[in-house]
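First comes the structure, then the notes that go with it.
The values are calculated or read from the model by the stated rules, or taken from the named source; none is laboratory data. Predicted model only: the values in this text are computed from it and were never measured. All Cβ positions, even for glycine, are placed from backbone atoms using ideal geometry, and neighbour counts span all protein chains on display. Heavy atoms of the whole protein, side chains included, go into the accessibility calculation; ligands, DNA and RNA do not. Shrake-Rupley method; radii C 1.70, N 1.55, O 1.52, S 1.80 Å.
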Amino acid sequence: MSDQKNQNWKLGFGLLAGALAGYWLNSNQGRRVRKEMQTSAIEYTNQATEYIKTQADSLSSTASEYFDQSKEAVQQAAQTVKNKFTSNVDDLADQAEEAVEQTETKLKRGISAARKNVKNSAEAIA
């Protein structure tokens with residue numbers, strides 16, 4: 001029974017507070033306060049909207065800068081790989097050319113030695 005009396009008391013207090021708040025808000029001073037609160041709420045909404053727009057623009061700008069930096073880094077890496085590949089190909093071509101020249105020199109020496117042997121053999125027979 002005590003709980004029901006306690007709840008009735010809370011309900012009565014809530015109804016009384018609501019009635020007083022409604023009466024005050026409907027008075028001239030309450031209307032003025034409501035209008036000021038409405039104006040303040042609109043002003044705060046506009047400020048929040050402007051702040052969010054500024055932050056979004058800043059984020060977009062920062063993301064764009066990071067994208068551009070990443071793009072440049074990828075291009076530099078690609079150029080480095082290309083240069084390294086070209087350098088390696090040039091080195092291999094130089095090595096192949098040197099090997100061909102060495103082989104050519106050895107063949108010329110061998111042909112020259114064979115000529116001498118054939119000439120010496122021919123002279124020995126004659």
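Worth pointing out:
- Residues of the chain: accessible area per residue with a 1.4 Å probe, Å²: 92 Å²
- Label-to-label distance, Ala56 versus Asp3, with points set 7 angstrom from Cα along the beta-carbon direction: 5.1 nm.
- Surface composition of the chain: carbon and sulfur make up 58 percent of the accessible area, probe 1.4 Å.
- Under 12 Å, Cβ to Cβ, from Ala78 - net charge with Lys/Arg +1 and Asp/Glu -1: +2
- Note, ³J(HN,Hα) from phi for segment 71-81, Karplus 6.51, -1.76, 1.60, rounded to Hz, x at Gly and Pro: 4, 4, 5, 5, 5, 5, 5, 4, 5, 4, 4
- Nearest-ten-degree value, helix 2-26 long axis tilted from longest Cα axis of the chain: 90 degrees
- Dipole axis of the chain (+1 Lys, Arg; -1 Asp, Glu on Cβ), positive-most option in Gly14, Phe67, Gln47: Gly14
- Total charge dipole magnitude, the chain, about the Cα centre, Cβ charges on Lys, Arg, Asp, Glu only, Debye to nearest 20: 560 debye
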